[in-house]
2 protein chains.
Amino acid sequence: MTAQIYPQLDPKLDLVLERIIDVPRELVWKVWTTPEHLKPWFCPSPWKTIDCEIDLRPGGIFRTTMQSPEGENFPNLGCYLEIIPNERLVWTDALQPGFRPSPDPNHPFGFFTAIVTMETHGTGTKYRATAIHGNETNRKKHEDMGFHEGWGTALDQLVVYVKKNLL
Amino acid sequence: MTAQIYPQLDPKLDLVLERIIDVPRELVWKVWTTPEHLKPWFCPSPWKTIDCEIDLRPGGIFRTTMQSPEGENFPNLGCYLEIIPNERLVWTDALQPGFRPSPDPNHPFGFFTAIVTMETHGTGTKYRATAIHGNETNRKKHEDMGFHEGWGTALDQLVVYVKKNLL
């Protein structure tokens, strides 16, 4: 039942960020799955993550609220699909908690499935974040919103946060 | 990890078919999860299910092709979300295999999550099929396509098939 289907990557539809980082994967898992440890690094500064709710099971809620420097709030609501501790975390905003389809599948903040994987690499971690989309329009929208820069900056912040607080 | 989130039913968004049937739930499970046993009853006659592919794991494919009496083919593609043998089967067409969002979330054949549950009831089964939608438009479309009649007729056929072939 936990057999994995790695995404069949399609460069026309998918975005990938892969990097080796020098913190252990158990801590990467921890900061991705605990609101207290997710909020400090999740949004590229000067944006902030001001709220986060996590119910870590398939069908469970993954909700965050980002705040712009001007004070505008942007809520994100999704649901977890697959959870393999310290290894692989999958969620989507195409479904809401309880696996209910999103009311507006064309909403501007996403409509993708995210797969974050972490493998031990020496004393650090080989980290990979993949965003898979259903069509080229959504992929393009996500790329133009700054997927690589945004997720890359968040990852830098994650590493700094882990080193400072959890190591 | 197998903790269940029963759908928070919303009459504006959901469709439910519940019935007591006099076949054991293990056989209901079997005919829902084996292509050979699904094809004979799945489509209300005179429609036919001419093809079926099942990879029974979260993220795995659930694909069927229905054929109208005039010979026109209607493919359906979805992915499994939750699998609790003899108890609960969840899949959606909002995501495709590997949890990839559907290319066209407004396609006319669905965009819903289905939850089929079976509980032992005497020597038979309390059977429930629930279709949860993201908005009222999709619920209405599904109801107008004949959800209750279609799923009801298929269930009649399921019972006849099980009694004739598996009991």
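The values are calculated or read from the model by the stated rules, or taken from the named source; none is laboratory data. Since we're looking at a predicted model, the values are computed, not measured. Reconstructed Cβ throughout: ideal geometry from the backbone, glycine too, with neighbour counts over all protein chains shown. Note: accessible area is taken over every heavy atom of the protein model, side chains too, but ligands, DNA and RNA are not part of it. Shrake-Rupley method; radii C 1.70, N 1.55, O 1.52, S 1.80 Å.
Points worth noting:
- Where only DSSP H runs of four or more residues are counted, the protein assembly as shown gives -7500 deg cm²/dmol as its mean residue ellipticity at 222 nm, each run worth -39500 (n - 2.57).
- Residue A:26/residue B:107 FRET efficiency (R0 41 Å; Cβ-Cβ; nearest 0.05): 0.50
- Carbon/sulfur fraction of accessible area - chain A, other protein chains in place, 1.4 Å, %: 52 percent
- Each copy carries residue A:73; placing its label point 7 Å along the C-beta direction from Cα gives inter-copy distances of 5.0 nm, listed from smallest up.
- Solvent-accessible area per residue, Å², over chain B with all protein chains present [probe radius 1.4 Å]: 45 Å²
- Tail weight of P(r) past 19 Å, computed on alpha-carbon pairs of region A:2-135, percent: 54 percent
- Here is the P(r) of the protein assembly as shown: all C-alpha pair distances, binned every 20 Å from 0, give 30, 53, 17, 1 in whole percents.
- Stokes-Einstein D (µm²/s) once Rh is taken as the Kirkwood radius of region A:22-94 over alpha-carbon pairs, at 37 °C in 0.692 mPa s: 256 µm²/s
- The relative contact order of chain A, computed from alpha carbon pairs under 8 Å that lie at least 6 residues apart in sequence, is 28 percent.
- Copy-to-copy label separations for residue B:122, where each label sits 7 Å from Cα toward Cβ, in nm and ascending: 7.0
- Peptide B:78-87 - average C-beta neighbours from other chains (10 Å radius): 2
- Too-long pairs where the Cα-Cα distance tops 26 Å, listed order kept, from A:140/B:141; B:48/B:164; A:12/A:126; B:39/B:126; A:141/B:140; A:39/A:141: A:140/B:141; A:141/B:140
- Inter-chain neighbour count for A:55-61: the average number of beta-carbon atoms from partner chains within 10 Å of each residue's beta-carbon is 5.
- Here residue B:26 yields copy-to-copy label distances, from shortest upward, of 4.2 nm, the label point defined as 7 Å from Cα along Cα to C-beta.
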